[in-house]
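Derivation of every value follows stated rules applied to the coordinates shown; laboratory data play no part. Because the structure is predicted, anything quoted here is derived from the model rather than measured. Note that we place each Cβ from the backbone using ideal geometry, even for glycine, and neighbour counts take in every protein chain shown.
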Amino acid sequence: MGSKTNQNKPKSTFKTCNPNELACKVPAHFIFTNLHHKDALMNPSQPTTCPCGSHAAYSQCCGLLHTGAKAKNAEQLMRSRYSAYVLEMQPYLLATWHESSRPSSIFDAPTSTQKTHWLGLTIKNAYPSSTQPATQSHVEFIARYKIGGGGAQRLHEVSRFMLEENQWFYVDGEFPA
Ligand SMILES: [Zn+2]
């Protein structure tokens, strides 16, 4: 996320506000609350509400994982990886991808017609449940997205995750019929 952050160095949350951005879709009090948060001051281009759909503040949800906290379970990692796709955080996506299946890069050279716009995430199921100890876990989800100016599409996937040295990794996924 380094190069993107460096290109965008807005001085205030309000100047960067654009009707297409998440920050504009939340009540003003949210923005004021977050202005007192150290991370929001340091990086006002961060979203205010978390893209993963938790309704929590980004800085208290996937933002914690994106800045080094470990996922407590596979579902939390799944959510943080969805948010990382939204925010195009390739280093995080690669770091949380198991080395046995990790690609060399994730995002193709973006062009205006090919860019993927993520619209929302719904977690359908996670098993075994997050309260049961496990070294392998599955998370079924539906992610909605658009490519360029195309219509909304659904990605229905059951992702497989593995716990290694106390850290969850995405391994691979299957696509239920
Ligand atoms: Zn989140």
- Message: What does the net charge come to around residue 62 if you take all other residues with beta carbon closer than 9 Å to its beta carbon, with K and R at +1 and D and E at -1?
- Response: +2
- Note on the structure: Distance in nm between residue 166 and residue 107 label points, each 7 Å along Cα→Cβ, equals 3.1 nm
- Message: What are the equivalent ellipsoid semi-axes of segment 135-174, built from the alpha-carbon gyration tensor (square roots of five times its eigenvalues), in whole angstrom, biggest first?
- Response: 28, 10, 6
- Task: Could you pull the Rg and Dmax for segment 49-174, using just the Cα atoms, both in Å?
- Result: 14.2, 44
- Item | Loop-located chymotrypsin sites (Phe, Trp or Tyr not before Pro) in segment 81-177 whose Cβ has at most 16 other Cβ within 10 Å (DSSP) | 107
- Which net charge results for the neighbourhood of residue 159, defined as the other residues with beta-carbon distances under 12 angstrom from its beta-carbon, given Lys and Arg at +1 and Asp and Glu at -1? -1
- Message: Quick check: net charge around residue 150, other residues with Cβ under 14 Å of its Cβ, Lys/Arg +1 and Asp/Glu -1?
- Response: +4
